[in-house]
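S.K.: Dumping the structure here so I can ask a few things about it.
Please treat every number below as a calculation from the coordinates, not as lab data. From a predicted model like this one, the values you see are computed outputs, not experimental measurements. Don't worry about glycine lacking a Cβ; one is built from the backbone with ideal geometry, like all the others, and counts go over all protein chains shown.
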Amino acid sequence: MSARGELFTYADAAAQVRAALPPSYGVTQAPNGPIDVRDERQKLVCRIQLRVLTGGSQWLTLAPLRGYERKCDRIRCWLEHGGVHPSWQWKQARVPMAADDPANVAVARVLERLLEIQQANLPGVLAGEDPEFLHDLRVANRRARTVVRQMDAAFAPADAARIAAELRWLGAQTGPTRDLEVLLATLDPVTAELEPLRLLLERRLVHARAEMTVSLRSQRATQLDSTLTRLVQEAAQRAPAAIGVAELAGARIRRLHRRMVRAGGAISAQIEPQVYHELRKQGKELRYLLELFGLALFDNTAVGELIAALKELQDVLGRHQDCAVHAATLRQLAPQLAAQPGGVGALLATGSVIAGLEARQAEAREHFESSFNIFASARQRKLVARVFD
């Protein structure tokens, strides 16, 4: 479960809890305190912790008292039926569409949903209490950029370029903070020798987060949601001659799969890490197209099989890239680290961390061939040709 909560609402949380539960249940809340729920016998059965974020989102975490776990599960169901949303809906990006929907209309609908997710996570990013908000904002941002880049035929070129530029800007503001959060997580738990490194990284994270917050509170960021929504709607209205969304999505999925098979087949053990990274980026784009359009328009069983094979390959490529980025960052920090109290010992310990990262990177390269062979197998290629023709 996310630290931010398992349910969320934009309404008054205590009032919504009261409205969702049977009249025999009691709901009380002390000022700035949790919401206490009592059953028909007035036994305290569940305590609901509440987090309120800038922008109005309220996150609820249900904590049952011992012996009342089943009643707490029932309360959770009542709340969901009463309009309090489960957390998975926070990031649910799929929208309904039909195969013969005009591509410009369907693509605009997908982009508008991704913009909603991006904007919904922004208050949590600014609060800075839970890194999942930043993660989910960046995933929505990458998905939207993929849709614009891969489904660009749905819009006039100038419109697609303007939307892509705004999305790229937001992604650039959030990247350094996320990279440092991930690197710090890989060092956990930290030994005493690595404590100077942790302190240095945390100072860099504070600085990166402060710069990100300034950017995200700027006029451009404040207007970004309305700007992008307007651009998407205008682009959909000015789109070129209509093409069905299934025809366009199928063609893009086939092309991207072919490109990945060709690029991956040329990789050797000694090739530069950047080549693996490029393949990883293509894999992300293919997966986003399969999740956003493939599952909505084509045979779900076949699409699910393709996603499973792609996910295994992505996991290998992701481990390879993360190790490369983290090792490069740690090497770059060496001069600063040496100047810290205890820096000499930290440098030696950091060398061991880098060696471990390089070993995991080499292990990922060893696993690449087997996972790629599954993804690029004759069965998978025939499946792509059959499903997306």
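S.K.: Given R₀ = 22 Å, what would the calculated FRET efficiency be for ARG66 paired with ASN32, taking r from the Cβ atoms and rounding to 0.05?
M.R.: Working: r = 25 Å, r/R0 = 1.15.
Taking R0 as 22 Å, the efficiency between ARG66 and ASN32 is 0.30.
S.K.: Which value, in debye to the nearest 20, describes the size of the charge dipole of the chain about its Cα centre when Lys and Arg Cβ atoms bear +1, Asp and Glu Cβ atoms bear -1, and nothing else is charged? Could the numbers behind the result be given before it?
M.R.: Working: 51 positive and 43 negative charges, 85 e Å.
Around 420 debye, computed over the chain.
S.K.: Distance between Cα centroids, region 326-386 to region 242-286: provide it in whole Å.
M.R.: Their Cα centres are 21 Å away from one another.
S.K.: Taking 8 Å as the Cα distance limit and 6 or more residues as the minimum spacing, I'd like the relative contact order of region 1-115 as a percentage. Don't jump to the answer; show the numbers that get you there.
M.R.: Numbers: 157 pairs, mean separation 30.3, N = 115.
Computed over region 1-115, the figure is 26 percent.
S.K.: Can you give me the Rg/Rh ratio for the chain, using Cα atoms for both radii and the Kirkwood formula for Rh?
M.R.: Values: Rg = 24.0 Å, Rh = 23.8 Å.
Result: Rg/Rh = 1.01.
S.K.: Another question about this same structure. For ASP188 and ALA302, calculate 0.36 nm times their separation in residues minus their Cα-Cα distance, and state this gained length in nm to one decimal.
M.R.: Working: separation 114, 0.36 × 114 = 41.04 nm, distance 3.89 nm.
Extra length available between ASP188 and ALA302 comes to 37.1 nm.
S.K.: Over the chain, with a Gaussian network built from C-alpha contacts below 10 Å, which listed residue (LYS71, LYS91, LYS284) shows the highest mean-square fluctuation?
M.R.: Result for the chain, Cα springs under 10 Å: LYS71 fluctuates most.
S.K.: Still on this structure, I have one more. Taking the Cα centroid of region 2-75 and of region 153-173, what is the distance between the two, rounded to the nearest whole Å?
M.R.: So the two Cα centres are separated by 41 Å.
S.K.: Further question on the same structure: Mind checking the dipole of region 247-389: about its Cα centre, +1 per Lys or Arg Cβ, -1 per Asp or Glu Cβ, Debye to the nearest 20?
M.R.: On the way: 19 positive and 15 negative charges, 90 e Å.
Charge dipole, region 247-389, about its Cα centre: 440 debye, nearest 20.
S.K.: Continuing with the same structure: Quick one: dipole size for region 78-127, taken about the Cα centre, charges +1 on Lys/Arg Cβ and -1 on Asp/Glu Cβ, in debye to the nearest 20. Mind dumping the intermediate values first?
M.R.: Details: 4 positive and 5 negative charges, 29 e Å.
So the magnitude is around 140 debye.
S.K.: Per DSSP H run of at least 4 residues, take -39500 (n - 2.57); add these up for the chain, divide by its residues and hand me the 222 nm value, nearest 500 deg cm²/dmol. Write out the running numbers ahead of the final one.
M.R.: On the way: 14 runs with 255 residues, N = 389.
-22000 deg cm²/dmol, from helical runs alone.
S.K.: Still on this structure: Report the number of Lys pairs in the chain whose alpha-carbons are under 26 Å apart, with separation of 8 or more residues or on distinct chains.
M.R.: Going through the chain pair by pair, I get 9.
S.K.: Could you estimate the translational diffusion coefficient of region 129-214 from the Stokes-Einstein equation, with Rh from the Kirkwood formula over C-alpha pairs, at 20 °C and 1.002 mPa s, in whole µm²/s?
M.R.: On the way: Rh = 14.8 Å.
The diffusion coefficient I find is 145 µm²/s.
S.K.: Can I ask one more? Only Cα pairs within less than 10 Å get springs; with that Gaussian network setup on the chain, which residue of ASN32, ASN141, ASN121 has the largest fluctuation?
M.R.: ASN32
S.K.: If the label point is 7 Å along Cα→Cβ of GLU247, which residues in region 82-117 have backbone nitrogen under 13 Å from it?
M.R.: 99-104
S.K.: Which residue fluctuates most in the GNM of the chain (Cα springs below 10 Å): ARG238, ARG178, ARG70?
M.R.: Among ARG238, ARG178, ARG70, the largest GNM mean-square fluctuation belongs to ARG70.
S.K.: Identify, among GLN233, ALA221, SER371, the residue whose Cα sits farthest towards the positive end of the charge dipole of the chain, taking +1 on the Cβ of Lys and Arg and -1 on the Cβ of Asp and Glu, with the dipole about the Cα centre.
M.R.: GLN233
S.K.: Answer with one residue from MET151, LEU201, THR174: the one whose Cα lies farthest towards the positive end of the charge dipole of region 151-201, charges on Cβ with Lys, Arg +1 and Asp, Glu -1.
M.R.: MET151
S.K.: Oh, and also: As a test of understanding, state the convex hull volume per residue of region 7-89 from its alpha carbons, in Å³. It would help to have the intermediate numbers written out before the result.
M.R.: Numbers: hull volume 7.2 nm³, N = 83.
Each residue corresponds to 87 Å³ of Cα convex hull volume.
S.K.: Among THR61, ALA338, ALA302, whose Cα lies farthest out toward the positive end of the dipole of the chain, if unit charges sit on the beta carbon of Lys, Arg (+1) and Asp, Glu (-1)?
M.R.: Of the options given, the answer is ALA302.
S.K.: Can you tell me the Rg and Dmax of region 92-243, counting just the alpha carbons, in angstroms?
M.R.: Values for region 92-243 (Cα only, Rg and Dmax): 18.2, 64 Å.
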